[in-house]
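Bear in mind these aren't lab numbers, they're just calculated from the coordinates by the rules spelled out. Please read these numbers as outputs of a predicted model, since none were measured by experiment. As a convention, Cβ positions derive from the backbone with ideal geometry for all residues, glycine included, and neighbour counts pool all protein chains shown.
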Amino acid sequence: MGALIEDAVIDNETMVEKFLRMDRLPHIWCSGCGIGTAMRSTIEALAEMDVPQQDFAVVSGIGCTARVAGYLKMDSFHTTHGRSIPFATGLKLANPKLKVFVFSGDGDLFAIGGNHLIHAARRNMDLKVICVNNFIYGMTGGQVGCTTPTHSKTSTTPYGNYEPPFNLCFLAAAAGAVYVARWTTYHVRQIKKSVQEAFSKRGFSFIEVISPCPTVYGSRNSFPTGLDMMKYFKANSQTVVAADPREAAIEKGGKIMVGKFVDAERPSFQDRLSEMWGELEGDEGRVVEAE
Ligand code: SF4
Ligand code: MG
């Protein structure tokens, strides 16, 4: 029995290593950071899908989470701050067969890159977006961000944040995403399942993974270690089914709604484009006129 478990662990490790650029390790993340957990669940999801590894492409922006693109062994683009979605859009349009996903942080995707995100969701671009939300700008020193819960302390709000944060799931859903889910790094199996579900859909899918950043967020907000925050996630996550994402706002010290909020169907950007080109090709007069 012991040998069987050992073999399974070795198989699992081999499968994960296949998706990693082992020569880039060790990674840069702090002890107790949750980004590696989110990355591992994603790798496990990809490894189990019936898709050749070379058909995946990952794009990230800038920040601690954005480093993931450099560690994944596939076509990967570690792009400029906030611009992962436009890069990913170009990639998908140039080669629609690629399974393109974006792996980046809350500041990168919803602050500097926020406008790109809402418009990709509106267009229903066929992208899968995994956003690690650690409530803060981690890499640059723990400044307040658009996801920092009200009253949380940061390096730039030492007496507490006085602004309300974005509710990322509601924002993605309102902008038009066809798949929206939220988990914490405590929910490793659920993240994996959500990534697979997101890839099974055509259109813009969004997964928020709430993650500990003990170094610059937790240390100022009563979670000095990653484990403290994981215990908080375990005790305070409330799993919901098809709940209204409007209700999923996060408050400091409050419950965290996790689960799938949206699983809908509507034509993707490329579906609409092919339909329109089909119509134009069937109408010679309009095509000639357009030329
Ligand atoms: Fe992770 Fe925070 Fe350290 Fe960045 S600063 S690696 S987010 S713990
Ligand atoms: Mg962040």
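Rounded to the nearest 10 degrees, what's the angle between the helix 226-236 long axis and the longest principal axis of the chain, both from Cα atoms, 0 to 90?
Value to nearest ten degrees: 70.
What is the angle, in °, between the Cα long axis of helix 114-123 and the longest principal axis of the Cα atoms in the chain? Nearest 10 is fine, range 0 to 90.
Approximately 40 degrees, to the nearest 10.
Angle between the Cα long axis of helix 35-48 and the longest principal axis of the chain, 0 to 90 degrees, nearest 10?
Approximately 50 degrees, to the nearest ten.
ASN95 to ALA264: FRET efficiency via 1/(1 + (r/R0)^6), r the Cβ-Cβ distance, R0 22 Å, to the nearest 0.05?
About 0.25, to the nearest 0.05.
Using 19 Å as the Cα-Cα cut-off, could you pick out the over-long pairs in LYS18/LYS260; LYS128/LYS260; LYS231/LYS255; LYS231/LYS252; LYS18/LYS201; LYS153/LYS252?
Too far apart for the 19 Å limit: LYS18/LYS260; LYS18/LYS201.
Would you mind giving the three semi-axes, in whole Å and largest first, of the ellipsoid equivalent to the chain according to its Cα gyration tensor?
Semi-axes from the Cα gyration tensor: 32, 24, 18 Å.
Output the relative contact order of the chain, whole-number percent, from Cα pairs under 8 angstrom with separation of 6+ residues.
The value is 17 percent.
Between the alpha-carbon centers of region 79-105 and region 128-204, tell me the distance in whole angstrom.
Here the answer is 18 Å between Cα centres.
Ranked from highest to lowest mean number of other Cβ atoms within 10 Å per residue, what is the order of the peptides 12-22, 211-221, 186-196, 253-263?
My ranking of the peptides, most packed first, is 211-221, 186-196, 253-263, 12-22.
For Cα pairs less than 8 Å apart in space and 6+ apart in sequence, what is the mean separation divided by the residue count of region 202-291, i.e. the relative contact order in percent?
Value for region 202-291: 22 percent.
Compute the label zone of ASN236 within region 128-142: residues whose backbone N is under 17 Å from the point 7 Å along Cα-to-Cβ.
133-136
Starting with the highest mean, order 129-138, 72-81 by the number of other Cβ atoms within 10 Å, averaged over the residues of each peptide.
Averaged packing, sorted descending, gives the order 129-138, 72-81.
Aspartates and glutamates within cross-link reach of LYS97: Cα-Cα under 12 Å, excluding same-chain residues under 8 positions apart?
By straight Cα distance, LYS97 reaches ASP55, ASP126.
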